[in-house]
Amino acid sequence: MKSADIGVAMGIRGTEVAKEASDMILTDDRFYTIVDAVREGRVIFSNIKKYVSFLFSCNMVEIITIFLSVSFLKPLPILPLHILFLNLVIDIAPAMALAYEPAEANIMKAPPRSAHSGLINKRFLGRILFSGAVLGLSSFLIFNFFLTQNTSLLYVQTATFTFMVLAQLLHVLNIRKENGFGLTTLIRENKVLVGAVSLSLLLQIMVIYVPFMQQTIGTTPLTAETWAVILLAAFATTGVVYAIKKVMKRLYPVGVTMMIDLESSGARRVKGCCLP
């Protein structure tokens, strides 16, 4: 037990010596409890990854957009208060709601993680960088598009700010599912996330159209035509990010091991070893 990676002892029939030497004690003496614990651990680890991935990629949007604007000697695409509002108000609620994501269907099919691997790996970092780059580049293009229109700089900044909000809220649909798009089962599986996204969208609308919030944050009302352009661009950007996710999955596939099987008689049996 001391030399094992994880020493396991029985809580009911095990000896006191075995319990003291073990890392894990099965209080009900059921081996399947280990599988339940592994599954729960994998869900927690997966949701932490989704939380980090969402916040990191959303932060990259602002960094890349501002960096490109400064590099091409353009005005600031968004104001400092816009950045604060994005990070402290818009992004926080959806990110926290990702903690309520249920287990994905194939969560027990993945092979054990290496004991030396951390949260950040090549595949995880690649998805953050590429998705953040696409969202940031799209924001910069939207900013340049509205600069060519006969509008004020404040209007252009408000339009760019709103596009970032919509693109980031839609980006959560790409984050919440590892192998698919998160819209189909959203309402059934995570009503908290639906409420969080709705709240963030409502706050953004208030920032644009409520007078005292306009003066505080620095926005101006947008026309219906501008909303149409922003929505179309946000959905197109989300589709591009989803395509990149599919490509990254092909480049860095996750192996498959034997999964838990339920016997026809109702008895449970573990075919393979899976760690969180």
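Within the option set Ala196, Ala236, being in contact with a helix residue (DSSP H, G or I) (Cβ under 6 Å, 6 or more places away or on another chain) and at pLDDT 80 or above holds for one residue only, Ala196. Screening Pro80 against (1) in contact with a helix residue (DSSP H, G or I) (Cβ under 9 Å, 6 or more places away or on another chain); (2) modelled with pLDDT of 90 or more leaves a single unmet condition, (1). Of all the listed residues (Leu166, Leu88), the sole one being part of a helix (DSSP H, G or I), within 25 Å of Leu68 (Cα to Cα) and without any contact (Cβ under 8 Å) to a residue 24 or more places away in the chain is Leu88.
Yes or no: Ile63 part of a helix (DSSP H, G or I) and either aliphatic (A, V, I, L, M) or more than 25 Å from Phe140 (Cα to Cα) (or both)?
Yes: the conditions hold for Ile63.
For segment 99-129, filtering for residues that are open to solvent by 60 Å² or more (accessible area, probe 1.4 Å) and of a type in the set (Asp, Glu) leaves 0. Which one is farthest from Gln157 (Cα to Cα) among residues in segment 74-98 that are surrounded by fewer than 16 Cβ atoms within 10 Å (Cβ to Cβ) and under 14 Å from the mean Cα position of the chain (by Cα)? Across segment 74-98, the extreme among qualifying residues is Met96. Looking across segment 191-220, the residues that are open to solvent by 20 Å² or more (accessible area, probe 1.4 Å) and in contact (Cβ under 8 Å) with a residue 60 or more places away in the chain come down to Val192, Gly195, Val197, Leu199, Leu203, Thr216, Ile217, Thr220. Working only within segment 221-239, note down all residues that are of a type in the set (A, V, I, L, M, F, W, C), under 15 Å from Gln157 (Cα atoms) and crowded, with 17+ Cβ neighbours inside 10 Å. Leu222, Val229, Ile230, listed by residue number. The number of residues in segment 7-41 that are under 25 Å from Lys109 (Cα atoms), assigned to a loop (DSSP other than H, G, I, E, B) and either out of contact with any strand residue (DSSP E or B) (no Cβ under 6 Å at 6 or more places or on another chain) or modelled with pLDDT of 85 or more (or both) comes to 4.
The values are calculated or read from the model by the stated rules, or taken from the named source; none is laboratory data. Bear in mind that the values here come from a model prediction, so they are computed numbers and not experimental data. Glycine gets a Cβ as well: all are built from the backbone with ideal geometry, and neighbour counts include every protein chain shown. The area values use the complete protein model at the heavy-atom level, side chains included, leaving out ligands, DNA and RNA. Shrake-Rupley method; radii C 1.70, N 1.55, O 1.52, S 1.80 Å.
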